[in-house]
Every structure is written in C-alpha cells, then in structure tokens.
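All remarks here apply to the structure that follows.
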Amino acid sequence: MSKVTILGAGITGMGIASQLPKNTEITILGDFLPGDAMDQRYVSQWAGAIWLGVHDSTPWEQSMQLNSFSELWRIAERHPESGIRQIEMTEIMDNGDPTEVWYQGKVPGFRFMAPSDLPQGAKFGMKFQTVVITPPTFLPWFRQHLENQGVKFQRTYVKTLRDLRGMGHDVLINATGFGAMKLLDVEEKRITPVRQQNIRLRKEGYNRCYIRRGPDGYYSTAFARGDGTIYMGGIKTVGEFDFTAYEDQRKTIMQRQHDNQPDVFPSPNPLDYDFITDHVGVFPIIEHQNGGIRVEKELLHGQKVIHAYGQEAGGFTFSFGLGQEVSKYVQEYLTELPKPAETPIPSKL
C-alpha cells in the first residue's frame, strides 16, 4: 500500500486527502487540527466559506472550482449534519462585464437579474444556487469522515520538510499555506497576506446569501450559515497581517449592508442587532503576477514532494478540485518507473 503524508490539516490538506486513491495510507499532520478551539492562526476556521466563482480565473482554476462545487453540493445533499447547506446566491456587480462571468450556465439556477431588480448604481447582477459552509461544524465532521476511511491525524510542528523523512511515506504533500513561508527548506517568498475584517451576528428569519462588489476593493456580504448566524463582511486589505478588529470597520460593514438590504437590516448600527463578535482572518495568496496557485512537484531531501497552496480565501471554493489536481501528481509519482542502474563502461586496456 502506498503511503502519503500531508502537512497541513486545513480544508486544503483534507480536501486533498479525500481525493487520493482509497488504497492509500494517509497521515495528515498539523499544528492545528479540526476540532480545536477557534484560533486565527488556523486559517480554515475563519473563512467566509461559501462557493463563489473567482472572477479573474484561468481555465485551469475554473476547472478546479467547478470540481470542488460538485463535491460540496453532493455533501450538502447527502449530509445535512456536515455544516454545508444549499442556498441561493445574489451577486451584485457595480463594474465588470456580464459576458465575462465564466460560471454562467455552469452552476444550478444561474440567471441574470432584470435591470429593474438591481439596486441603484449596480451595473448587473445574477442569482444562482450555491453552498454555504459553517467551518466550526464542517471541519470536525470532515475529519471524522476521513478517519472513518482510515485517514490518520497527528499534531506535529515541523521547521523543515527534511524533518519528515522518517515518516516512511512515498509522497509528501506540503499544504501548509502560510506555513510555506516559515519552512526553512521552502521559504516561500511569493505569498501575500490578505486581511479581511468581518462580523458575525444573529437575526431571526434571515435566509439569504448576498454579495455586492464594487470598485477599489469594495465588497459587502451577508451569508446565512446553517448554525443560525450571519457572516457579514467586509473590509479587505492586501498586504496586512493584522488580527486587530477596528470599530470603524465594524461600523462600515454594517452601514453597507443597511444600504444594500435595508428591508432586513433597517439600522446601520451593529449594536441594534444580536451582535456576536468581530471576525478577522488573514489568508495567504500567491497573486497571478507572481505565478498564482502553486501545485508543483519537487524532489527535496530524497522525498517526492508536492506543493499545494496560495489560493487565498478561496480555500473552500478550490478545496476538492485542488485535491484532484494533486492526486494526479501523486499518481505520476507512484507510477514512475525506477531508474535503471548505470552500467560502468569498461576501460580500454
């Protein structure tokens, strides 16, 4: 039986594990593991966690996103206890071109909105069926699902991939995200931190999934999760690694949702609602100009390594599709023919 070690126990590492051949012995290692208390360093816990097509995507990235959507949709249908549920998305665009929305016609129920249904200032909008995930519910559920299939989880802190040579694996997968910057034999320089401040609150009867995108990084979201909470955002800042929650940003988030959905958020004051907490996450991205998502093989310290990281807050959007791409590389490694031993050339007498 082939052995694969995955370093990184977030949605990327677990998504990869789910796509590997069933006869593979898999061990997932991580500083943090599903089921741990909330910690901002465990990035997957803090994702907004919906499926939303990334607009500026290559065909390869689009394929990964759609393959991930199929898996998430299937889980929502078969396992409502997983923390994934199906919901209709309303996506409003203040700029851009509707002909460039690559996922039109590829996800269920996709349709462009009539101009009369758009809010003031919007250029176009669309509705479609998607999924929304509650990470604190889904991550432990997914871990149990994988453990039932024989996957092992182990809490481990490593400074280099070299440290893992004694694990006995045939393939080592580096799905560490920010950890790739700290591993001494990787030291990824291309990762950019992306800070997102959001809030969570409760409001009886809210059952929508809404996003509005505008110029200069403007976006306003309100996602109704399956646990009765609303994940609302957000303020996005590229290049910042700061977990501080700022009051002015909290007020801006609520003001935007009041402006966009005044029928359900009649007040712009967060304190007029059942406010739970600020929700600040920082996510690792490799921007397109720096090469984009890294899925790459490398021989390192005698180990067959596959690197898989860099997709920012699109961890859930890419998860299973990225896992399928990594699985192809695993298969390539496992089916390589051994190199023939070199035959010494006889010396001439």
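A quick yes/no check of all residues on (1) in a strand (DSSP E or B); (2) in contact with a helix residue (DSSP H, G or I) (Cβ under 8 Å, 6 or more places away or on another chain); (3) surrounded by fewer than 18 Cβ atoms within 10 Å (Cβ to Cβ):
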| position | (1), (2), (3) |
| --- | --- |
| GLU81 | no, yes, yes |
| MET89 | yes, no, no |
| ILE92 | yes, yes, no |
| GLY96 | no, no, yes |
| GLY105 | no, no, yes |
| GLY109 | no, no, yes |
| SER116 | no, no, yes |
**Q.** Yes/no for GLU312 being among the acidic types (Asp, Glu), loosely packed, with under 15 Cβ neighbours inside 10 Å and out of contact with any Cys (no Cβ under 8 Å at 6 or more places or on another chain)
**A.** no
Q.
I'd like to check something: does the range 159-169 contain any residue that is β-branched (Val, Ile, Thr), buried (at least 16 other Cβ atoms within 10 Å of the Cβ) and under 24 Å from THR5 (Cα atoms)?
A. no
Q: Could you tell me whether the range 53-71 includes any residue that is farther than 27 Å from PRO193 by Cα, of a type outside the set (A, V, I, L, M, F, W, C) and either at pLDDT 95 or above or within 17 Å of the chain's Cα centre (by Cα) (or both)?
A: yes
Q. What is the residue count in the range 118-158 for residues that are assigned to a helix (DSSP H, G or I) and either crowded, with 16+ Cβ neighbours inside 10 Å or of a type outside the set (Asp, Glu) (or both)?
A. 13
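Yes or no, residue by residue, for (1) among the polar types (S, T, N, Q); (2) in contact (Cβ under 8 Å) with a residue 40 or more places away in the chain:
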site	(1), (2)
LEU52	no, yes
SER63	yes, yes
SER70	yes, yes
ARG78	no, no
**Q.** Unmet requirement for PRO270, which otherwise passes all of (1) in contact with a Leu (Cβ under 8 Å, 6 or more places away or on another chain); (2) at pLDDT 95 or above
**A.** (2)
Q.
Condition (residue is over 23 Å from the mean Cα position of the chain (by Cα), at pLDDT below 95 and either among the small types (Gly, Ala, Ser) or assigned to a strand (DSSP E or B) (or both)) applied to the range 207-224: is it met by at least one residue?
A. no
Q.
Take ILE87 and tell me if it is in contact with a Cys (Cβ under 7 Å, 6 or more places away or on another chain) and either in contact (Cβ under 8 Å) with a residue 60 or more places away in the chain or at negative phi (or both).
A. yes
Q: Report whether or not PHE275 is surrounded by 12 or more Cβ atoms within 10 Å (Cβ to Cβ), more than 22 Å from ILE92 (Cβ to Cβ) and at pLDDT 95 or above.
A: yes
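The values are calculated or read from the model by the stated rules, or taken from the named source; none is laboratory data. What you are looking at is a predicted structure, and each value in this text was computed from that prediction instead of being measured. Here Cβ is always computed from backbone atoms with ideal geometry, including for glycine, and neighbour counts include all displayed protein chains.
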